[in-house]
1. Obtain the nm distance between the two label points defined at residue 52 and residue 108 by a simple spin-label model: each point lies 7 Å from its Cα along the Cα-to-C-beta direction.
2. Please rank 54, 64, 131, fewest neighbouring Cβ atoms within 10 Å first, as an exposure proxy.
3. Given labels modelled 7 Å from the Cα in the Cβ direction, how far is it in nm from residue 44 to residue 72?
4. So, in Å, what gap is there between the alpha-carbon centers of the stretch 34-113 and the stretch 117-132?
5. Please sort 116-124, 73-81 by packing, taking for each peptide the average over its residues of neighbouring beta carbons within 10 angstrom, highest first.
6. Can you give the Rg to Rh ratio of the stretch 36-98, both from alpha-carbon atoms, with Rh computed by the Kirkwood formula?
C-alpha cells in the first residue's frame, strides 16, 4: 500500500458523531414552537379579522392550508368557519394568517405604472425648468 492512513477508526467515529448531531439538531429545530411575539401577532390578526368579517387563508405548522371566516375568538383558540363547517385552531398552531387585498393585482399594476410615469414627467419638467 502506498499510503497508510492512521487514525481511520477515529475519523469514522467523528463522522458518525457529526451525523448523529446533525439529525438531532434538525429534529430540535423542526419541533420548535412559535415564540410569544408571533402568537400575539396571530392573536391580533385574528381579532382584526373577527371585527372586519374578513375571509382569510390560514397555514398551520403541521402543513394544513385552511380558509374561511373567523367566527369566534377566545384567549387560547379561534374558530374558522367555511361552508358551514367550523374548525378550532390554537394560536400556537398557526404559522400565518392572510387575507386578500381589497385592490386587485391589475389595479395595483396600473397605479404603480401611473405613479412612475407621473414621477418621470415631473422630473423632466423640473430639469427643463432649471435649464431654461
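Please treat every number below as a calculation from the coordinates, not as lab data. Keep in mind the model is a prediction, meaning the values are calculated, not measured. Note that each Cβ is placed from the backbone with ideal geometry, even for glycine, and that neighbours are counted across all protein chains shown.
1. 1.4 nm
2. So the ranking, lowest neighbour count to highest, is 131, 64, 54.
3. About 2.6 nm separates the two model spin labels.
4. Going from one Cα centre to the other spans 45 Å.
5. 73-81, 116-124
6. Rounded to two decimals, Rg over Rh is 0.91.
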